[in-house]
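Below is one structure, written out as structure tokens, with a few remarks after it.
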Amino acid sequence: MSRLLDIRSAPEALRAFRWDALWDLFDGDRERLNLAHECVDRHVDLGTALRIKHADGRTEERGFRELSAWSSRFANLLERLGVERGDRVAIMLDPSLPFYGALFGTLKRGAIAVPLFTLFGPDGVALRVEDCRPRLLLVERDAERWREWFPGLVVLGADDLDERLAGERDRYAPSTAAGDLAVFQYTSGTTRALPAAIRHTHRAVITVMVAALYGVGLERGDRYFCPSSPAWGHGLWHGTIAPLALGIPLGSYAGKFHGARVVEALAEFEISNLAAAPTVYRMLRDAGLTADEARPLRKLSFTGEPMDSGTFEWLERTVGRRPCGMYGSTEVGVIIVNYPGFSDYEVRPGTLGKPAPGWEVAIVGDDGRPLGPNQLGEIAVRRKGEWVPVKDRGWVDEAGYFHHRGRSDDVIISAGWTMSAVEIEDALLKHPDVREAAVVGVADRHRGLVPKAFIVSDRNDPELARELQELVKTRLSKHEYPRLVEFVPELPKTAAGKTDRNALRLRARVSPDILE
């Protein structure tokens with residue numbers, strides 16, 4: 001194993017880092033590499049591989065040896081069904097032994113795994129099936145109905161798998177190159193504008209180690225839990241591939257999300273390292289997570305969207321740890337981190353962190369050139385000698401910490417003023433009666449755009465709307481308050497748990513306004 005695993009000093013991590021050193025973590029090399037071998041087969045003597053909390057309260061624990069055997073039987077089944085190297089296998093199962101076994105069995109076979117979210121309806125699945133053309137679709141239930149919807153596709157239900165696998169051998173020798181395609185990953189955008197799948201090779205396990213070591217802070221002995229669905233990037237790469245590749249058991253959640261169930265899982269599994277979306281941390285607060293229940297937690301990380309200051313402060317009070325954000329994109333990987341578990345690194349509230357080892361990050365202006373401290377521009381990463389923007393705005397302070405000012409299309413320019421939807425939301429969430437808040441820019445005849453706030457609260461009255469406007473005027477700026485306020489029972493979310501701002505923009509065109 002590489003000595004990178006033993007370094008717990010941020011300055012030393014930067015000094016010692018070499019991309020080449022990441023290869024020392026694995027058995028494979030630049031010619032021959034297989035994700036299933038690196039994540040499963042080489043760890044068969046390490047005991048527990050999977051810790052799964054189900055929405056009905058059940059817990060499921062499986063070992064590396066059992067996962068290795070199940071995935072090998074699945075690989076042999078694929079071969080017998082005529083699934084060839086490079087063919088796609090769509091996997092629409094909840095976290096379970098069959099999900100992880102099918103994922104790694106597909107990779108052993110040299111086919112391409114396509115994880116799909118289990119709440120997709122036939123239209124959502126059809127868009128992805130038409131794009132990736134899988135040879136096989138695995139579904140959680142109602143296989144016959146899915147066969148009717150997709151008559152030209154082999155569909156197997158989770159209940160079919162035990163019988164199908166019964167006669168298959170529990171050994172399979174993978175043979176893939178590092179550059180062979182391994183995963184097609186669809187982003188969590190709406191199906192109105194479905195992007196093409198992002199294609200990952202087996203070599204992607206090297207890149208994800210940057211997030212594993214410095215964004216999540218994985219190390220030997222961690223009891224790790226990531227409740228994000230493995231159908232999406234965070235749950236797949238940070239929640240599944242990263243820990244298993246290091247021989248660390250994963251912790252996951254299956255079924256309809258309940259904050260109280262996650263609190264149970266943290267206690268039952270004695271979790272010391274938790275990685276989740278900011279929304280999950282807010283749900284843990286609402287579920288009443290106590291300091292006593294949080295005592296085993298040593299590392300907290302989040303990604304996907306900024307964390308509001310109220311939740312950040314609650315975590316610091318309750319857990320005694322500052323949550324560590326990490327930042328990047330599906331296409332590039334994680335490029336800014338907060339080094340959870342590194343005692344000599346200061347996590348500063350309200351910042352994204354500092355560049356991860358191996359990456360050069362800057363704020364660039366409209367001309368594509370790096371800007372100095374405290375200047376607003378586009379966050380960019382240097383690749384192949386060029387600065388590549390990652391579609392977010394921000395600035396960097398004198399100490400080298402990066403600050404997020406929202407997606408480029410979330411910046412609101414109103415009457416010549418540039419406003420950050422993220423900053424307005426953070427101010428709104430400081431009101432004790434606000435459970436959730438989201439802000440988008442909506443068209444205005446006089447100002448071009450004005451901020452509109454969508455608020456989830458048990459108080460749905462004009463007086464609260466006025467209180468919120470005054471709060472933002474006082475805490476943020478007299479010109480930056482939401483001129484429009486609408487109360488909603490819940491905020492629309494993407495399947496990955498992020499606030500769906502596109503849906504809110506569409507709603508804003510036709511919805512009533514409480515105040516103007």
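Throughout, read-outs are computed from the coordinates displayed, never taken from laboratory work. Remember, predicted model here, so these are calculated numbers, not experimental data. Counting neighbours? That spans all protein chains shown, and the Cβs are built from the backbone with ideal geometry, glycine included.
A few points about this structure:
- Fraction of beta bridges assigned by DSSP in the stretch 64-202 that are antiparallel (%, nearest 5): 25
- Near the amide H of residue 112, within less than 5 Å, lie the amide hydrogens of 86, 87, 88, 89, all on another chain or at least 5 residues away, with H placed in the peptide plane.
- The phi-based Karplus calculation (6.51 cos²θ - 1.76 cosθ + 1.60; θ = phi - 60°) puts the 3J(HN,Hα) values of the stretch 464-476 at 5, 4, 5, 4, 5, 5, 5, 4, 5, 4, 6, 8, 10 Hz, whole numbers, x for Gly and Pro.
- Shape class of the stretch 409-508 from the Cα gyration tensor (axes a ≥ b ≥ c, square roots of the eigenvalues): oblate, since a/c reaches 1.5 or more and a/b does not exceed b/c.
- Highest-first arrangement of 358-366, 295-303, 332-340, where packing means the average Cβ count within 10 Å: 332-340, 295-303, 358-366
- Backbone geometry of the stretch 292-299 corresponds, through the Karplus equation with coefficients 6.51, -1.76 and 1.60 at θ = phi - 60°, to 3J(HN,Hα) couplings of 5, 5, 8, 4, x, 5, 10, 9 Hz, x marking Gly and Pro.
- All lysines inside 27 Å of residue 493 as judged from Cα atoms, apart from same-chain residues fewer than 8 positions distant: 53, 256, 299, 391, 430, 452
- A cut-off under 12 angstrom between Cβ atoms defines the neighbours of residue 344, and their net charge, with Lys, Arg +1 and Asp, Glu -1, is -1.
- Taking amide H atoms as placed 1.01 Å from N in the peptide plane, the amide H of residue 353 lies under 5 Å from those of 402, each 5 or more residues away in sequence or on another chain.
- With both labels modelled 7 Å from their Cα along Cα-to-Cβ, the residue 267 to residue 493 distance reads 2.2 nm.
- Integer Hz, Karplus 6.51/-1.76/1.60 couplings in order for the stretch 254-269, x for Gly and Pro: 10, x, 4, 6, 9, x, 5, 5, 5, 4, 4, 4, 4, 6, 5, 8
- Rounded to the nearest 500, the 222 nm mean residue ellipticity of the chain from helices alone is -8000 deg cm²/dmol, with -39,500 (n - 2.57) taken per DSSP H run of at least 4 residues.
- Between residue 14 and residue 84, the C-beta separation translates, for a Förster distance of 30 Å, into a calculated FRET efficiency of about 0.10.
- Pairwise FRET efficiency - residue 59 versus residue 460, Cβ, R0 = 35 Å, nearest 0.05: 0.35
- Relative contact order computed over the stretch 360-400 (Cα-Cα under 8 Å; 6+ residues apart), in percent: 38
- Furthest towards positive pole of dipole, 263, 379, 492, structure part the chain, Cβ charges: 379
- Across the stretch 64-202, the mean sequence separation of Cα contacts (distance under 8 Å, 6 or more residues apart), normalised by length, yields a relative contact order of 28 percent.
- Mean Cα-pair separation over length for the chain, i.e. relative contact order, pairs under 8 Å, 6 or more apart, %: 11
- Extreme residue, positive dipole direction of the chain, given options 506, 280, 328 (C-beta unit charges): 328
- Looking at the chain alone, DSSP beta bridges between its own residues are antiparallel in about 60 percent of cases.
- Gain on full stretching of the segment that runs from residue 360 to residue 475 - 0.36 nm per residue minus C-alpha separation: 38.0 nm
- Within the straight-line cut-off of under 16 Å between alpha carbons, the aspartates and glutamates reachable from residue 478 are 423, 425, 426, 467, 470, 516, sequence neighbours fewer than 8 places apart in one chain being disregarded.
- Average 1/r across all pairs of distinct alpha carbons in the chain, invert it, and you get the Kirkwood radius: 24.0 Å.
- Between the beta carbons of residue 130 and residue 502, assuming R0 = 30 Å, the FRET efficiency works out to 0.90 to the nearest 0.05.
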